[in-house]
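The values are calculated or read from the model by the stated rules, or taken from the named source; none is laboratory data. Keep in mind the model is a prediction, meaning the values are calculated, not measured. Backbone-built Cβ (ideal geometry, glycine too); neighbour counts: all protein chains shown. In case anyone asks, the SASA skips ligands and DNA or RNA and just uses the protein heavy atoms, side chains included. Shrake-Rupley method; radii C 1.70, N 1.55, O 1.52, S 1.80 Å.
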Amino acid sequence: MDVTTAVDALYRAVLSDSRLAGYFTGVDIEGLKQHMSALLTQTLGGPAGYTGRDLRTAHAGLHVSAGHYALVGAYLIGVLSAMQAGDDVIGEVRGILAAVEPDVVGQ
């Protein structure tokens, strides 16, 4: 599975969704994609290349709702499924999404 391709597909979906696009107004999307690719790679057992802020700090002041968080998570799982990621990878991502939700939602 190519993480960069997955992240590109994720942000295409998220940015085209009017319920989510507002979170990204004025955001350097290419930089965000690089951070997300590094974070996802590291999360899935690849090399530790993520050097960005912790999730709580990165989402401070955004007031992400639980529904919007779930929607982004659903897009990510959908992208991974479409790319035929294994059940083990999808399960790992689901677990991570659940574990980090408190660091993103409502910050």
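Counting just the residues of region 30-67 that are of a type in the set (Val, Ile, Thr) and either assigned to a helix (DSSP H, G or I) or at pLDDT below 85 (or both), which one comes out nearest to Val105 (Cα to Cα)? Selected residue: Thr57.
Just one of Glu101, Glu92 is more than 13 Å from Ala6 (Cα to Cα), of a type outside the set (Val, Ile, Thr) and touching a Leu at 6+ places or on another chain (Cβ under 7 Å); which is it? Criteria check complete, one pass: Glu92. Restricting region 13-58 to residues that are charged (D, E, K, R) and within 23 Å of Gly91 (Cα to Cα) leaves a set whose member that is least open to solvent (accessible area, probe 1.4 Å) is Lys33. Candidates Val64, Val89: the one that is open to solvent by less than 60 Å² (accessible area, probe 1.4 Å), hydrophobic (A, V, I, L, M, F, W, C) and out of contact with any helix residue (DSSP H, G or I) (no Cβ under 6 Å at 6 or more places or on another chain) is Val89.
The lone criterion from (1) out of contact with any Leu (no Cβ under 8 Å at 6 or more places or on another chain); (2) of a type in the set (Gly, Ala, Ser); (3) in a helix (DSSP H, G or I) left unmet by Gly73 is number (1).
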